[in-house]
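Data block below; observations after.
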Amino acid sequence: MKIRTKASKPKPFRRKTIWIFLVSGILAGILIIFLANKGLKYTSTDEYCISCHIHPQADMAWKQSSHFQNNSGVVTHCTDCHLPPAGKGMIAAKIKHGSKDVYGKLFKDPEKFNWKEKSKLENARKYTYNEGCINCHQNLFTEGLSTDGEDAHLYYRQHKDKVVCINCHLNTGHYNANAVHAHNKDFGQVKTADTLIFKEPAKLQKFEDFTEKIRGTNVSFRMVAIPSGEFKIGSPKSESFRKNNEGPVRKVKLSKFWMAEVEVSWNEYLAFFQETTSEGRKEIDVNANEGNVDAITGPTPPWGAPDQGWGKGKYPAITMSHYAAETYCKWLSKVTGKHYRLPTEAEWEYACRAGTETPYFFKGDPKDFSSKGFLKKIMKPDTSVINSYVIYSMNSKGTTHPPDVIKPNPFGLKNMLGNVYEFCADWYSPDIYSLYKNDVITDPKGPPRGTEHVIRGGAYDSDAADLRSAARKPTQTTKWLVTDPQIPKSIWWYSDCINVGFRVVCEYDEAYFK
């Protein structure tokens, strides 16, 4: 028998206090949830987003897009695209992006933001979520969808680890009048009003610089005479940012040749495109007809705008495939009567170094120019020297540039280390230098076979560490064709590579002087 003592009885005051705290806690919790939900909704409105993201062009482009202007009257709001749906990581993403936005609002000047750069695919992917797209667009195979669209959506379903919706629909949420999400059959077809038309190519008298003329056009370009000589290909282990595929250093002997002063411009490439374009053909038809007697089969119309809206004219031609660049060289050889081709990797580095053995053909250590590392991003490196010779991430503002804004190297060649990467003729091998057995290698042409080709130099989006004369990379054909909706993929145009172009060399031949 349990005996309850007087002391063991709960006091009415204590019991009342517990209930007060319990009810107060519940009410406080409800109030916090209510206020948090109200705050979440308020900070997710279009008006709130625009008040912090001071970017009127984005607001205007959104209101011109199909996410605002459509037959159904449905409006897609900022957070529908720029946050994942509720229950799929929305809160975490909102905290992440919100923290950056608050920091930018307090400590950065929005007038200095490069919005064009931020809207590129590689940057937009960080702030746009597939889950948001699929939350609305649940049926990917709607009635009336084109064959290209069906192929693209099927490819997306099979490669969700590689492809996001904005690969193809980058400008759906923010309208861009220059963006073409289809075969651009009008690309490069604008005729010049200039009456000066060259009737014959350049005639050579001796081995010296000359200006080549493309017959039937008003297009010309400068070729620089590169003397024969020896140099050391690759970089020593002591070089800053040096990679294993740049060694071992080997001696190379090269015959003389001519190299284009600048990268092939849109003026030059469009002369080829206009004369040879395979308008109306499919990629498979072009492959089947390769080698036929109808001269040189040129590119099919590109998908979208290859120049990215940055400019044609003297700007470097970009987004063409290695195959297209080689075909251009064959066409140029045919119309000029000379032997044009892509440079070998050895020719490229020899011409780039122009007698120097340092990381760059100008003075400076890559560590001093590079912006890699947290402190460098804050302190900013001294770029006064490198800016004179190279278009790269620190001075490009996210686009390519015409060649007249920088100085040439000692051979008289411009943009060898920047603006766009450049195709070489060689197949890529990471250890090719170690396979050369002779003490001095004469006119090497790289491995006899491979799957990717060499690209050299650097680009408008490269860090100074990647602009060194010895730096080398392979093409990435599969990665560069992800967005292309066609089956088979284009052999002429890359859909996802906007920082690679090429320059030509002309082989020396005594027959030119006869």
remark   = A student applying the Cα gyration tensor rule (rounded when a/c is under 1.5; otherwise prolate if a/b is larger than b/c, oblate if not) would label the chain prolate
key: Where GluC sites (Glu not before Pro) fall in DSSP loop in region 84-149, at most 16 other Cβ within 10 Å   = Glu143
query = Quick one: how many Å² of Arg341 are accessible to a 1.4 Å probe, rounded to 10?
reply = 50 Å²
query = Quick one: longest stretch of the chain between exposed loop chymotrypsin sites (Phe, Trp or Tyr not before Pro), exposed meaning at most 14 other C-beta atoms within 10 Å and loop per DSSP?
reply = 142-514
Cα gyration tensor, region 25-71 - rounded (a/c under 1.5), prolate or oblate = oblate
key: Restraint check, Lys367/Lys473; Lys100/Lys363; Lys185/Lys338; Lys63/Lys372, Cα-Cα greater than 27 Å   = Lys100/Lys363; Lys185/Lys338; Lys63/Lys372
remark   = Taking placed amide H atoms and a strict 5 Å upper bound, the residues 5 or more places from Thr172 or on another chain that come that close are none
inquiry  = Using +1 at the C-beta of Lys and Arg and -1 at the C-beta of Asp and Glu, which of Pro84, Tyr127, Trp115 has the Cα lying farthest in the positive direction of the dipole of region 1-148?
reply    = Pro84
inquiry  = At 1.4 Å probe radius, can you tell me the per residue accessible area of the chain in Å²?
reply    = 55 Å²
message = List the trypsin sites (Lys or Arg not before Pro) within region 230-275 that DSSP assigns to loop and that have no more than 16 neighbouring Cβ atoms inside 10 Å.
response = Lys237, Lys243, Lys256
key: Qualifying GluC sites (Glu not before Pro) for region 176-277 [loop in DSSP, other Cβ within 10 Å: at most 15]   = Glu208
query = Which FRET efficiency value, to the nearest 0.05, is calculated for Asn395 and Leu31 with the Förster distance at 60 angstrom and r the Cβ-Cβ distance?
reply = 0.65
request  = Using a/c under 1.5 as the rounded threshold, could you call region 394-481 rounded, prolate or oblate? The axes a ≥ b ≥ c are square roots of the C-alpha gyration tensor eigenvalues, and prolate needs a/b larger than b/c, oblate otherwise.
outcome  = oblate
key: Cβ-isolated cysteines (cut-off 4.7 Å), the chain   = Cys52, Cys81, Cys136, Cys168, Cys329, Cys352, Cys424, Cys497, Cys506
ask   = Using Cα pairs under 8 angstrom and six or more residues apart, how large is the relative contact order of the chain, in percent?
value = 16 percent
ask   = So how far apart, in nm, are the two label points at His183 and Asn438 if each is 7 Å from Cα heading toward Cβ?
value = 4.8 nm
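The values are calculated or read from the model by the stated rules, or taken from the named source; none is laboratory data. This one's a predicted model, so the numbers in the text were calculated from it and none came from an experiment. Heads up, the Cβs are rebuilt from the backbone with ideal geometry, glycines too, and the neighbour counts pull from every protein chain shown. The accessibility values were calculated without ligands, DNA or RNA, using every heavy atom of the protein model including side chains. Shrake-Rupley method; radii C 1.70, N 1.55, O 1.52, S 1.80 Å.
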